[in-house]
1. Mind ordering 257-270, 166-179 by average Cβ neighbours within 10 Å, highest first?
2. So if each residue of separation counts as 0.36 nm, and I subtract the Cα-Cα distance between Arg342 and Thr217, what length gain in nm does that give?
3. Could you name the lysines in cross-link range of Lys384, using Cα to Cα under 17 Å and dropping any fewer than eight places away on the same chain?
4. Under a crude label model (7 Å from the Cα following the beta-carbon direction), how far is Lys406 from Arg287 in nanometres?
5. Under 24 Å between alpha carbons, and skipping anything fewer than 8 positions from Lys73 in its own chain: which lysines qualify?
6. Any idea of the accessible area per residue across the stretch 275-411, 1.4 Å probe, to the nearest Å²?
7. What is the calculated FRET efficiency for Arg143 to Arg267, with r their C-beta to C-beta distance and R₀ = 45 Å, to the nearest 0.05?
Amino acid sequence: MSMDQVTAVRWRAGILAAVLVAGSGGYWLGQRGESASAAGSGQSERKILYWYDPMVPQEHYDNPGALSSMGMKTQPKYADGDTAAGSAPGVTIDPAAMQNLGIRIVPAEMGSLAATLSVTGSIDFNQRDVAIIQARSGGFVARVYARAPGDVVRAGAPIADVQLPEWGGAQTEFLAVRRLGRPDLTAAARQRLKLLGMSDGLIASVERSGRTNGTVTITSPISGVIQTLDVRAGMTLAQGQTLAQVAGISTVWLNAAVPEAQAGSVRVGQSASATLTAFPGQTFGGRIIAILPTAQADSRTITVRIELANRGGRLRPGMFAQVALGAAGNSVLLVPSEAVIRTGTRTIVMLATGNGRYQPAEVRTGREGGGKTEILEGLAVGEKVVASGQFLLDSEASLTGIPARKLSDVK
């Protein structure tokens with residue numbers, strides 16, 4: 001074979017090899033394309049709305065390779081409101097991003113609220129412990145002791161000496177009847193003296209001495225503070241005329257102003273404790289004896305009346321106090337107060353439903369205290385809520401239109 005023939009054979013063999021290589025490459029590319037298309041068919045069935053970063057959900061991107069303003073790689077936001085497969089409503093966060101978002105999850109647990117309602121109040125006289133001193137018969141004032149309104153007096157302290165002519169005449173009749181030796185008449189005459197207002201001690205003194213005593217020393221029946229004193233030496237008295245008024249100080253009232261919104265958390269008999277700037281480091285305990293039926297229109301508060309023991313008379317009307325009202329002590333469902341989101345129209349928490357999914361849930365709250373909030377309706381024991389980072393999740397749920405779980409959905 002000549003050199004020209006050899007060259008022609010080699011040229012034809014090269015062309016054939018090139019054709020075979022091209023054909024096999026095209027077949028491989030076609031097969032790879034079909035495989036890639038099949039692999040992506042599952043994702044293409046779900047419509048992608050945009051790409052975003054869960055840390056800044058308000059930022060939307062069209063390019064899947066973009067970085068958010070936080071420097072994070074964006075994720076697809078699908079039309080069904082999820083970033084991963086699944087039909088249950090909720091926001092999905094990759095576990096790796098939870099630490100960046102600062103998400104903290106805690107369970108709803110049963111517990112009791114301690115004394116948490118802190119209000120202010122002022123000390124007042126116990127209006128149930130007031131003595132009115134009156135003239136039991138007409139007469140005139142012979143002597144007035146050195147007393148004035150505001151003085152603190154003990155029980156039995158003299159107020160004034162009063163001459164009562166009617167009492168003198170009745171005592172004379174009693175002594176005359178007693179001399180008759182008729183026990184029945186004597187008993188009747190003694191009873192008349194009692195009806196006039198004479199004490200057993202005064203009657204016994206007249207009976208023992210045989211002499212009348214029309215001058216009576218008016219004394220305070222209780223220990224306390226003289227609030228009014230309307231008696232002067234030489235003045236004429238009418239029967240039933242008020243001479244003085246004394247307010248007891250063995251117990252005092254503490255009138256606390258409770259906000260109207262929290263009035264439902266207090267009840268009669270509930271314990272309370274008070275601290276006063278006049279006695280730093282000391283706590284005065286008492287209990288609620290009344291919840292007044294009217295509210296203060298200017299401050300929108302309810303007045304709660306607390307009775308405090310006043311040993312030594314140290315608590316003085318007008319003193320200012322900080323008051324802590326005790327809770328009922330019943331076991332209730334509690335979550336951290338920071339987990340509760342109040343929008344103005346509803347109250348929600350963010351539920352952690354597992355696998356990095358979160359869903360808003362409506363709740364009805366009760367009392368608060370010690371960083372805890374009572375859940376009356378909307379949660380079950382053991383359900384997990386987001387206590388930190390919940391506002392980002394709520395914003396994401398609102399942007400994507402994820403519905404909140406209704407109160408009626410909780411069994």
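The values are calculated or read from the model by the stated rules, or taken from the named source; none is laboratory data. Source: prediction; values computed, not measured. A quick note on method: Cβ atoms are made from the backbone with ideal geometry, for glycine too, and the neighbour counts reach across all protein chains shown. To get the accessible areas, we keep the full protein, side chains included, count just its heavy atoms, and leave off ligands, DNA and RNA. Shrake-Rupley method; radii C 1.70, N 1.55, O 1.52, S 1.80 Å.
1. Top to bottom by mean Cβ count within 10 Å: 166-179, 257-270.
2. 38.2 nm
3. The qualifying lysines are Lys372, Lys406, Lys411.
4. Distance between label points: 4.5 nm.
5. Leaving aside lysines fewer than 8 places away in the same chain, those within reach of Lys73 are Lys47.
6. 50
7. 0.30
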